[in-house]
Amino acid sequence: EIAQQERQEERRRNREEARRQATVPSGQPPPAEMDAASILLTFPPALRQQVLMDQGEDIMDQLTPEMAAQARALSQHHPPMPQHQGVRSIVTPGQGPPQAAARDNSE
C-alpha cells in the first residue's frame, strides 16, 4: 500500500511539472503584466472614454501623455457627476419612495 501511494504521488508530481512546463515555454520569461494604458487600449473607444472620465486624476500618472491629455479633455467637456456616498433610498415593494409616503400622510 505504501509503494502504491508513492507511485501515485510520483505521477501527481510528474503531471504538475508537465503542466508547469506547458504553460511557460522554456527559455522565455513569463509574460509581463499589462499596465493601465495597455489595458485601456483594449477597450472599445466609448468604454475607454467612460473609464477615463470615471477615474479622473486617480489614473493619470499611469497613462501615456496622449491618453492623459484625452482624459483631461474629456473631464473638461463632461464634469464629474456629484456622488452621494452612503445615501440610498430604500423602497419597500408595493410602496413608493419615502418622500412620497410622507407627503401622502400629511394630506
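The values are calculated or read from the model by the stated rules, or taken from the named source; none is laboratory data. Just so it is clear, the model here is predicted, and its values are computed rather than measured. With ideal geometry, Cβ positions are generated from the backbone for all residues, glycine too; neighbour counts draw on all protein chains shown.
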**Asked** Quick one: how many residues across region 36-65 are at pLDDT 80 or above and exposed (fewer than 10 other Cβ atoms within 10 Å of the Cβ)?
**Response** 6
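Here is a check on your reading of the model: is ALA68 surrounded by 10 or more Cβ atoms within 10 Å (Cβ to Cβ) and modelled with pLDDT of 80 or more?
On the way: surrounded by 10 or more Cβ atoms within 10 Å (Cβ to Cβ): yes; modelled with pLDDT of 80 or more: yes.
Yes; evaluated as a whole, the condition is true for this residue.
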